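Report on one structure; see the data block that follows.
The values are calculated or read from the model by the stated rules, or taken from the named source; none is laboratory data. For clarity, every value in this text was computed on a predicted model and none was experimentally measured. Cβ placement follows ideal geometry from the backbone for every residue including glycine, while neighbour counts extend to all protein chains displayed.
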Amino acid sequence: MTDTPADDLKIDLRSDVTVELVKSSATDSDVLFAARVSTVGEQSLDELKKDPERSKGLINYLMRDRHGSPFEHNSMTFFISAPIFVFREFMRHRVGWSYNEESGRYRELQPVFYVPGQDRKLVQQGRPGKYVFVEGTTEQHDLVSRSMEDSYRQAYRTYQEMLAAGVAREVARAVLPVGLYSSMYATCNARSMMHFLGLRTQHELAKVPSFPQREIEMVGQKMEEEWARLMPLTHAAFNANGRVAP
Ligand SMILES: Cc1cc2nc3c(=O)[nH]c(=O)nc-3n(C[C@H](O)[C@H](O)[C@H](O)COP(=O)(O)OP(=O)(O)OC[C@H]3O[C@@H](n4cnc5c(N)ncnc54)[C@H](O)[C@@H]3O)c2cc1C
């Protein structure tokens, strides 16, 4: 996080996103338990550790043949801090996700804004659906950083002026841009996570390539790290089967 002391209004500029796993009940055993109930009923929990290779094979079979429901009996809750434009894309994922986001009606929004980092490719080439992003020049990076900071500063100052004049937060917030950071809790299960990752990350193993915006991909990559740690067999099977959600 960078402070910008260009004038007396203090705003924070960030180029990163935060993803914290705050709660989880998610293991590979949850998948096996759910799958085996159909064949061995109530004894299925005892069966789990008897034959690890068979367990791995069963998860892979479920993934390959797209038997999806056994991947739903688990839960992961993330606290995510990212620009509003990322949340707009994120909340399009309706199935198997629950969201709660901070309110711009009930609290004063903090002056934390997004600027692309030096490693963020700035220039888009090609046609819709076939875009390629390439590095920006130093001049383009400077222009983007300067312009964004100026706009953010002006917008936040206007927001503050309206609040100081007694205007309601829910009205004054209209001037704030989508580069403003917000925060939310997002809860999902492994199946909805895989559907999200299939669409919102680019990966060499993906059978169906997607072209997500880099900033939501940054969130997806951090969530994937946490999920892979919790459910390594399921994660491996997802990759082995082309990163298509079952
Ligand atoms: C690279 C990229 C570019 C995009 N560009 C745009 C864009 O320009 N404009 C835009 O508006 N959106 C855009 N989107 C968003 C996209 O259209 C989806 O809304 C988003 O990816 C969520 O996918 P989903 O609906 O499959 O997920 P979910 O809402 O989680 O749904 C999961 C699955 O449930 C089923 N399902 C859910 N709801 C219904 C329903 N009502 N009827 C039938 N089946 C249902 C479907 O099988 C669906 O795949 C883009 C997404 C990506 C990844």
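Brief remarks follow.
- Residue check for LEU143: more than 16 Å from the ligand (Cβ to nearest atom), surrounded by fewer than 17 Cβ atoms within 10 Å (Cβ to Cβ), over 30 Å from LEU32 (Cβ atoms) and without any contact (Cβ under 8 Å) to a residue 24 or more places away in the chain: yes
- Residue that is within 27 Å of ALA168 (Cα to Cα) and touching a helix residue (DSSP H, G or I) at 6+ places or on another chain (Cβ under 7 Å), where the choices are GLY68, GLY104: GLY104
- Any hit, the stretch 71-84, residues being assigned to a loop (DSSP other than H, G, I, E, B), closer than 30 Å to ALA237 by Cβ and away from the ligand (no atom under 16 Å from the Cβ): yes
- The residue of the stretch 190-214 that is nearest to ASP28 (Cα to Cα), among those that are more than 10 Å from the ligand (Cβ to nearest atom) and surrounded by 19 or more Cβ atoms within 10 Å (Cβ to Cβ), is ALA190.
- In the stretch 82-117, the residues that are closer than 21 Å to HIS195 by Cα, of a type outside the set (Phe, Trp, Tyr) and touching a residue at least 12 places away in the same chain (Cβ under 8 Å): ALA82, VAL86, ARG88, GLU89, HIS93, VAL95, GLY96, SER98, ASN100
- Across the stretch 209-223, the number of residues qualifying as out of contact with any helix residue (DSSP H, G or I) (no Cβ under 7 Å at 6 or more places or on another chain) and part of a loop (DSSP other than H, G, I, E, B) comes to 2.
- Any hit, the stretch 40-49, residues being farther than 21 Å from ALA237 by Cβ and at pLDDT 95 or above: no
- Top-ranked residue of the stretch 170-186 - restricted to ones that are surrounded by fewer than 20 Cβ atoms within 10 Å (Cβ to Cβ) and within 16 Å of LYS222 (Cβ to Cβ), ranked as farthest from the ligand (Cβ to nearest atom): SER183
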